[in-house]
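Working notes for the structure below.
The values are calculated or read from the model by the stated rules, or taken from the named source; none is laboratory data. This structure is a prediction, so every number in the text was calculated from the model and none was measured. Counting neighbours? That spans all protein chains shown, and the Cβs are built from the backbone with ideal geometry, glycine included. The accessibility values were calculated without ligands, DNA or RNA, using every heavy atom of the protein model including side chains. Shrake-Rupley method; radii C 1.70, N 1.55, O 1.52, S 1.80 Å.
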Amino acid sequence: MSMRRAEVLSWLARGKSNLDIAEILCISPRTAHKHLERIFVKLGVDSRSSAASVALKAVAADRGDGEGGGGAEALVFPRDRSLDARAGRWDVRRNGVLMSEELSELSSRLVALETALAHQDRTVAELNDVIASQWRRIDALERQLARLREEFQTLGHRDAPEPPPPHY
């Protein structure tokens, strides 16, 4: 991935819009958009949030191996470019790479959102099981009601009293 695309992806992962990225990198918004299109293809994603998620996961995985030698971190946090002061405060260093406080917060929020989504998925699955069970019970009760209705109708015809004679 070219250095410029890595910078665009880095700013995308920080939550910047195309216009913000264009201003920060001194390029046109159309150029920023084109870079993002190519990034989406290279990463195999179709949205900004997916690309940011892939970038953040790559950085987290890269940090997890303890090498700090580049890989995903170099992709998202290019080392040989100075960071623009308009982008925010830079005060966190990890493995020799500058990381914004804003990106740390976004990463934490992403983890929290993914955890909440997992809990919601589990709850939806549990509720789906309960609803399916209730529908099975309703079907059984409807069959039982239909059977009782038939029995009642047949009993009603057998035990019906004879009509009174016409002289009453």
- prompt: Considering only the stretch 6-47, how many residues are free of Cβ contacts under 8 Å to residues at least 40 places away in the same chain, surrounded by fewer than 17 Cβ atoms within 10 Å (Cβ to Cβ), of a type outside the set (A, V, I, L, M, F, W, C) and within 19 Å of L103 (Cα to Cα)?
  reply: 2
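Residue under question is D91, and the condition is that it be open to solvent by 60 Å² or more (accessible area, probe 1.4 Å) and either modelled with pLDDT of 50 or more or among the hydroxyl-bearing types (S, T, Y) (or both); does it hold?
Criteria not met by D91.
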task: Scan (1) at pLDDT 90 or above; (2) open to solvent by 80 Å² or more (accessible area, probe 1.4 Å); (3) of a type in the set (A, V, I, L, M); (4) under 40 Å from the mean Cα position of the chain (by Cα) for the single condition V111 breaks and write down its number.
output: (1)
